[in-house]
1. Suppose we keep only residues that are of a type outside the set (D, E, K, R) and farther than 18 Å from Thr57 by Cβ within the range 85-102. Which one would you say is most open to solvent (accessible area, probe 1.4 Å)?
2. Return the pair list, or none, for Cβ contacts closer than 7 Å from residues in the range 74-85 that are charged (D, E, K, R) to residues that are at pLDDT 90 or above and assigned to a strand (DSSP E or B), at least 6 apart or on different chains.
3. Please specify each residue of the range 98-115 satisfying the condition of being closer than 18 Å to Gln39 by Cβ, in a strand (DSSP E or B) and of a type outside the set (Ser, Thr, Tyr).
4. Looking at Asn58, is it modelled with pLDDT under 95 and closer than 16 Å to Ile31 by Cβ?
5. Pick out the one residue from Tyr37, Tyr59 that is within 20 Å of Gln1 (Cβ to Cβ), of a type in the set (Phe, Trp, Tyr) and open to solvent by less than 90 Å² (accessible area, probe 1.4 Å).
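The values are calculated or read from the model by the stated rules, or taken from the named source; none is laboratory data. Computed from a predicted model, the values in this text were never measured in an experiment. A quick note on method: Cβ atoms are made from the backbone with ideal geometry, for glycine too, and the neighbour counts reach across all protein chains shown. Ligands, DNA and RNA are excluded from the accessible area calculation, which covers all protein heavy atoms including side chains. Shrake-Rupley method; radii C 1.70, N 1.55, O 1.52, S 1.80 Å.
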Amino acid sequence: QVQLVESGGGLVQAGGSLRLSCAASGSIARINVIGWYRQAPGKQRELVVTITSNGVTNYADSVKGRFTISRDNAKNTVDLQMNNLKPEDTAVYYCSASSRNIIYWGQGTQVAVSS
């Protein structure tokens, strides 16, 4: 079992920045891929960015150049620095981890960007 707890969401004006953090606990030794997804109202959940245990990243085109993921394997945390936020970034952001072919999700944290 892997438990994921997100923090750092909030309300920000367009052009502003937020930093999300995800703390993983439990059976984390076999976490290969961890990252962030988001779900806006009325839309499907979508990939934001993932990072492997070797540091290989996969960003959605919509966030490239604005968002940066970082992973601390010693602390079992993954952070998402979000800069130049846009109203279309408004969504619930979920931390997700893959371990032994099982996908785990956090409870989500709300990000709202006003225009």
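1. Checking each candidate, the answer is Asn101.
2. Matching pairs, first to second residue: Asp79/Arg19; Asp79/Leu20; Asp79/Ser21; Asp79/Ser70.
3. Ile103, Trp105, Gln110, Val111, Ala112, Val113
4. Against the criterion (modelled with pLDDT under 95 and closer than 16 Å to Ile31 by Cβ), Asn58 does not qualify.
5. Tyr37
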